[in-house]
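A.B. asks: Take a look at the following structure, please.
Readers should treat all values here as calculations from the given coordinates under stated rules, not as data from a laboratory. What you see is a predicted model; the values in this text were computed from it and never measured.
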Amino acid sequence: FPSHDRAMGRKTGMGMFDSFNVTGLGIDSTGQGSFMPDMFKTHTQFRDERTGLFEVKFSLPSKDMIYTNLMQTVTNRLTAIPQTDTLELKKLRQQLLDLQKEYKGQFLSCHHPEDESGQTYHDDYPDS
């Protein structure tokens with residue numbers, strides 16, 4: 001895993017863990033299986049739920065829980081988006097602003113808008 005992007009002047013990949021007090025990770029294990037959690041088990045201190053590795057399978061109930069928590073966190077001002085102009089933060093801000101919220105039965109569902117105008121939308125950052 002790369003640990004430093006010289007062009008950007010910042011740590012990347014596994015090197016980012018050195019800069020933050022990471023105590024747990026929720027990693028998507030939907031679709032492609034568990035190759036990503038397996039990679040973290042092999043290359044980091046995170047091995048299982050006891051050590052802070054949580055494998056998340058996206059479903060209506062799990063996304064409802066994720067987005068309900070995000071809404072409460074934002075509403076109660078329990079987090080903030082850093083005021084820097086990195087490409088990643090610009091994408092995060094835009095994807096959060098673009099999100100569409102709807103209920104499917106009892107479950108909250110948030111997703112990127114449907115592409116009707118030729119514009120490409122994403123929701124990868126909010127999902128993470």
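A.B. asks: So what's the convex hull volume per residue for the Cα atoms of the stretch 23-87, in Å³? All intermediate terms of the calculation are to be shown ahead of the outcome.
C.D. replies: On the way: hull volume 9.3 nm³, N = 65.
Here the figure is 143 Å³ per residue.
A.B. asks: Which cross-chain or sequence-distant (5 or more) residues have an amide H under 5 Å from the amide H of Ile27, H modelled 1.01 Å from N in plane?
C.D. replies: Answer set, sorted by chain and number: Phe54, Glu55, Val56.
A.B. asks: Could you pull out every one of the lysines with an alpha carbon less than 28 Å from that of Lys63, ignoring same-chain neighbours closer than 8 positions?
C.D. replies: Within reach: Lys41, Lys90, Lys91, Lys101, Lys104.
A.B. asks: Convert each backbone phi in the stretch 109-125 into a coupling constant with the Karplus relation 6.51 cos²θ - 1.76 cosθ + 1.60 (shift: θ = phi - 60°), then list the ³J(HN,Hα) values in order as whole Hz, x for Gly and Pro.
C.D. replies: 10, 10, 7, 6, x, 6, 7, 10, 10, x, 7, 9, 10, 9, 9, 5, 5
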